[in-house]
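These notes concern the structure reproduced below.
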Amino acid sequence: MLLNLEDVKLLLDKEVKQRNSSSELSLEKPDPLLIASKYKDESIALICALFAYGNAGQIVKFLSSLDFSLLNESEETISKELNTHYYRFQKSEDVIALFTALKRLKELSSIEELFYEGYKKEHNILDGLWNFIETLRAIYPKNTHGYNFLVGSLPKKVSSAGTYKRYLMYLRWMVRDDNLDLGLWKSINKKDLLMPLDTHTFKMSQKLGLLQRKSYDMKASIELTNTFKKWDKTDPIKYDFALYRIGQEGMF
């Protein structure tokens, strides 16, 4: 067990460097970014991110079954072709709804533009996220458990918000540009990203002394981001993938 943050930083810096390789993404090391990286498209990447919960192998298997070209087809074709697709909480109607919403969105604006519209005033990535979710829900209003879980909703206040892990991971993919992340967006600065915290990285961060907060929420994500900003204020989220893999591989 590491005893101080200097040792933890040395470990994570080493892991970041070693894992900055496309070889980290394979069927043997499944990750939804494996599918997103094949297409390099913001809408397809968002689908990959929003379904990124549960077993990594099952996530990749489900994403591999989807025909993403349907995003360019009619709503009738989308409904017909996806009527047998489902994943955990999402019934086929929820999968169809997401494809339909993103198809409608593509006809109005880009996802990047919607995030930037909310982000640009104060360079707050959460303002961009709230603007996107609000717009997506307005374009295709649907209220089922599966769809609500998938696309999320606006929190009553940030202090009580969950981690929005899948969206923050998506933003990492879109904004950062290295051998793993896609770097498709240019309008948002990577220094303003927040840590995509899931239960595994939350526990690992506590174990390594990176995070003091006991509650698993947005405040914890912000606290961990601020910890990493002390190490690299221009790119604090570069530690995300390495931290995730350390936990996944049981190194501690």
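Read-outs throughout are calculated quantities, based only on the coordinates presented, and are distinct from any laboratory measurement. The model shown is predicted, which means the values in this text are computed figures rather than measured ones. Glycine gets a Cβ as well: all are built from the backbone with ideal geometry, and neighbour counts include every protein chain shown.
Look at (i) 121; (ii) 140; (iii) 161: the one that is volume of the Cα convex hull per residue in Å³ derived from this structure is (i).
Averaged over residues, the count of other Cβ atoms within 10 Å places the peptides 134-143, 30-39 in the sequence 30-39, 134-143, highest first. Would you look at the GNM of the chain, springs on alpha carbons closer than 10 Å, and say which of 110, 22, 65 moves the most? It is 65.
Among residues other than residue 127 with Cβ under 12 Å from its Cβ, the summed charge is -2 (Lys and Arg +1, Asp and Glu -1).
Across segment 56-213, Cα pairs under 8 Å and at least six residues apart give a relative contact order of 16 percent. Of the residues 83, 37, 180, the one whose Cα sits farthest towards the positive end of the charge dipole of segment 5-248 is 180 (charges of +1 on Lys and Arg Cβ, -1 on Asp and Glu Cβ, taken about the Cα centre). Distance from the Cα centroid of segment 1-45 to that of segment 189-252 is 13 Å (rounded to whole angstrom). GNM on the chain, alpha-carbon springs under 10 angstrom: the most fluctuating residue among 197, 129, 208 is 208. Around the Cα centre of the chain, unit charges on the Cβ atoms of Lys, Arg, Asp and Glu (plus for the first two, minus for the last two) sum to a dipole of about 740 debye. Among 73, 107, 81, the residue with the largest mean-square fluctuation in a Gaussian network model of the chain, with springs joining Cα atoms closer than 10 Å, is 107.
For segment 66-73, putting each phi into the Karplus relation 6.51 cos²θ - 1.76 cosθ + 1.60 with θ = phi - 60° gives couplings of 8, 9, 6, 5, 5, 4, 9, 9 Hz, in residue order, rounded to whole numbers and with x for Gly and Pro. Counting only Cβ charges, +1 for Lys and Arg and -1 for Asp and Glu, the dipole size of segment 133-173 around its Cα centre is about 100 debye.
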